[in-house]
Amino acid sequence: MTQKNRNRENQALVLALLRSHQLFMRSMGPVFRSAGLTAPQWDVLETLSTKGALSVNQLMQLTLATSGNLDVVVKNLIQAGFAEKTIDDKDRRARVLRLTRAGRAKVAEFMPVHNLALEQMFAGISPQQQREAITTLNQLRRKLPQSQKDRT
C-alpha cells in the first residue's frame, strides 16, 4: 500500500470514529436528558456502581475524563445527591467518591432505559459484529498515547 493510500485510510478511520461518536451522542443525548443526566455524569455513576468507591484519579483513568471536566461532573453529582466524597476505608488520609443511596437508585432507575436505547440503536448489528467492533476499538484505544497530564 502506498503512503498516499495509507494516509487516506488513516483519515477515513478518524472521520468514521468522529462521526460515529457525534451520531451516538446525538442519539443518546435525549435519553440522558430525560433522566436529568449528561453522558459524563452517567459514565461516572455507572463506573462507581460497577467498581465501587474510587479516588478522583482512579475515576479519571477509568472514564478517560480530563481533570477539569471530571471536577465539574463530580461537583454536580454531589450537589444532586448522587455521590459523596468520603474518607477511604483503607487509607484514612485519602478521599474517595462513592454513590449515595439516591445515586444507586438513579443507576437502577436509568439502567433499563439506557439498555433499551442501546438495544434499539444496535438492533441491526449482530452479536458477532459487536464483538468484532469491541475488539478492534479496544486494540485502537490501547495503541493511542495517553498524555502524562491525563494520567495524573
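The values are calculated or read from the model by the stated rules, or taken from the named source; none is laboratory data. Everything numeric in this text was worked out from a predicted model, so none of it was measured. Glycine also receives a Cβ, built like all others from the backbone with ideal geometry; neighbour counts cover every protein chain displayed. In case anyone asks, the SASA skips ligands and DNA or RNA and just uses the protein heavy atoms, side chains included. Shrake-Rupley method; radii C 1.70, N 1.55, O 1.52, S 1.80 Å.
Observations, loosely collected:
- Just one of (1) more than 15 Å from the chain's Cα centre (by Cα); (2) surrounded by 10 or more Cβ atoms within 10 Å (Cβ to Cβ); (3) more than 24 Å from Pro145 (Cα to Cα) fails for Thr2. It is (2).
- Cβ pairs under 7 Å, 6+ apart, first in region 14-43 and within 23 Å of Ile78 (Cβ to Cβ), second of a type outside the set (Asp, Glu) and not in a helix (DSSP H, G or I): Phe32/Thr38; Pro40/Ala65
- Candidates are the residues of region 8-53 that are over 15 Å from the mean Cα position of the chain (by Cα) and not in a helix (DSSP H, G or I); the one that is surrounded by the most Cβ atoms within 10 Å (Cβ to Cβ) is Ala53.
- Members of region 92-115 found to be basic (Lys, Arg), within 15 Å of Leu59 (Cβ to Cβ) and touching a helix residue (DSSP H, G or I) at 6+ places or on another chain (Cβ under 7 Å), listed by number: Arg98
- In the condition set (1) open to solvent by 40 Å² or more (accessible area, probe 1.4 Å); (2) within 24 Å of Arg33 (Cβ to Cβ); (3) in contact (Cβ under 8 Å) with a residue 12 or more places away in the chain, Lys75 is compliant with all but (3).
- Helices (runs of 4 or more DSSP H) within region 66-152 that include 2 or more residues hydrophobic (A, V, I, L, M, F, W, C) and under 19 Å from the mean Cα position of the chain (by Cα): 67-79, 101-121, 127-143
- Selection status of Asp88, among the acidic types (Asp, Glu) and either open to solvent by 50 Å² or more (accessible area, probe 1.4 Å) or modelled with pLDDT of 95 or more (or both): no
- Checked against (1) modelled with pLDDT of 95 or more; (2) loosely packed, with under 14 Cβ neighbours inside 10 Å, Ala83 meets all criteria but (2).
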